[in-house]
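To start, the structure under review is shown below, and the notes come after it.
The values are calculated or read from the model by the stated rules, or taken from the named source; none is laboratory data. Predicted, not measured: the structure shown is a model, and the values here were computed from it. Here the Cβ positions follow ideal geometry from the backbone for every residue, glycine too, while neighbour counts run over all protein chains shown.
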Amino acid sequence: MKMKKRMFTLLFVLTAIVALVAAGCNVQENGGGDEGEQMRIASVMPSNTEILFALGLGDSIVGVTDFCNYPPELEEAVESEKIKRLGDSFNLNEELLVSLEPDLVLFGFPSDITDRLDELEITSEVIAPASIEEIYASIRRIGELTKSESAAEKLAGDMEAAINAVKDKAAALPDGEKPRVLMLLDLDSLYVVGTGILEDELIAAAGGINVVTAGGYAQISEEALIEADPEIILCTFPLREQILAEKDAWKEMTAVKDEAIHDLDGDLINRPGPRLGEGLELLYGLFHPES
């Protein structure tokens, strides 16, 4: 499962999907069902699933991907068959999705399935935030689609306040106290976090400096990585022990000499959902443990 999750994350990274919020079909006043009926929602992206649960809409969810893994009550609902697994985001079980008769399907990127959903008069929308500000907007948009505007406003507001508190602390630090950081996505092909994407924004917001100057999710050479000489290496998969044991060419790198290599829960960093504030707090604590 870990390998499959890793492959999914890398596929998502390598596509470098531009954030979109596609216009959905008309949503009825009562959220897509007959008056008095509970809305039926399928989420085809883990971040959107987390938002739905954070809005108190867990009981409305009928389908999720194989990679949706939070919050814990999600797995309980899957085990009791209240929620069905639909496959991964790139290989959905279309027939199962349709059979669930959802009122709303939330995608993380454009899908050719939407044409069939349109024909069946099933509302669908792409929710794919690519920045912190867009995450707030995506929460509010899901609130609109599900008639949960008040809960969405509170969730977005609380999240923004928590993130701004960290950003303000980091902004007050002198540049000389900000560590040079590499976020490593894959050890074999050396895919890393470059500039202009969410993870790069998080590094800066937490008071770090990204050593990668290439844009997007970039592949770099080992020589370039060694030359960049990061003070901290962040791994979105468990790679720390492998780096220390196997990467002899990296031994003179500052982060390796100091053993400042940190395996992170990638879901807190790569997933544009309501737990991003927790991820940002984690990064700030790693960058500035004495603050």
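For the stretch 105-117, check the following and say yes or no: at least one residue is among the charged types (D, E, K, R), surrounded by fewer than 23 Cβ atoms within 10 Å (Cβ to Cβ), without any contact (Cβ under 8 Å) to a residue 40 or more places away in the chain and in contact with an Asp or Glu (Cβ under 9 Å, 6 or more places away or on another chain).
Looking through the stretch 105-117, at least one residue is among the charged types (D, E, K, R), surrounded by fewer than 23 Cβ atoms within 10 Å (Cβ to Cβ), without any contact (Cβ under 8 Å) to a residue 40 or more places away in the chain and in contact with an Asp or Glu (Cβ under 9 Å, 6 or more places away or on another chain).
So for the stretch 276-291 (the condition being touching a Pro at 6+ places or on another chain (Cβ under 6 Å), modelled with pLDDT of 95 or more and either more than 18 Å from Leu190 (Cα to Cα) or assigned by TED's automatic domain parsing to the domain that holds Asp158 (or both)), does at least one residue qualify?
Taking every residue of the stretch 276-291 in turn, at least one turns out to be touching a Pro at 6+ places or on another chain (Cβ under 6 Å), modelled with pLDDT of 95 or more and either more than 18 Å from Leu190 (Cα to Cα) or assigned by TED's automatic domain parsing to the domain that holds Asp158 (or both).
Cβ-Cβ below 6 Å, separation at least six or inter-chain, first residue in the stretch 69-88 and among the aromatic types (Phe, Trp, Tyr), second modelled with pLDDT of 95 or more: which pairs?
Tyr70/Glu50
Which of the residues that make up the stretch 175-214 are closer than 24 Å to Glu278 by Cβ and among the small types (Gly, Ala, Ser)?
Gly194, Gly196, Ala204, Ala205, Ala206, Gly207, Gly208
Please name all residue pairs, on different chains or six or more residues apart, with Cβ atoms under 9 Å, provided the first residue is in the stretch 167-185 and is closer than 24 Å to Asp263 by Cβ and the second residue is part of a helix (DSSP H, G or I) and among the β-branched types (Val, Ile, Thr).
Within 9 Å, the pairs are Arg180/Thr254; Val181/Ile203; Met183/Ile203; Met183/Ile269; Leu184/Ile243; Leu185/Thr9; Leu185/Val13.
Return yes or no: is Val126 surrounded by 17 or more Cβ atoms within 10 Å (Cβ to Cβ), part of a helix (DSSP H, G or I), β-branched (Val, Ile, Thr) and in contact with a Phe, Trp or Tyr (Cβ under 9 Å, 6 or more places away or on another chain)?
Against the criterion (surrounded by 17 or more Cβ atoms within 10 Å (Cβ to Cβ), part of a helix (DSSP H, G or I), β-branched (Val, Ile, Thr) and in contact with a Phe, Trp or Tyr (Cβ under 9 Å, 6 or more places away or on another chain)), Val126 does not qualify.
Collect the residues in the stretch 235-265 that are of a type outside the set (Asp, Glu) and under 20 Å from Ala162 (Cβ atoms), keeping them in residue-number order.
Listed by number, the list holds a single entry, Leu264.
Restricted to the stretch 230-256, and to residues that are acidic (Asp, Glu) and loosely packed, with under 15 Cβ neighbours inside 10 Å, which residue is farthest from Leu282 (Cα to Cα)?
Asp248
Just the residues that are touching a strand residue (DSSP E or B) at 6+ places or on another chain (Cβ under 7 Å) and touching a residue at least 60 places away in the same chain (Cβ under 8 Å), please, taken from the stretch 198-235.
The answer is Glu199, Ile203, Gly208, Tyr217.
Within the bounds of the stretch 226-242, is there any residue that is within 19 Å of the chain's Cα centre (by Cα), modelled with pLDDT under 95 and not hydroxyl-bearing (Ser, Thr, Tyr)?
yes
Assess whether Leu96 counts as being surrounded by 14 or more Cβ atoms within 10 Å (Cβ to Cβ) and touching a residue at least 60 places away in the same chain (Cβ under 8 Å).
No: the conditions fail for Leu96.
Which strands (runs of 3 or more DSSP E) does the stretch 1-111 wholly contain that include 1 or more residues that are at pLDDT below 95 and in contact with a helix residue (DSSP H, G or I) (Cβ under 7 Å, 6 or more places away or on another chain)?
none
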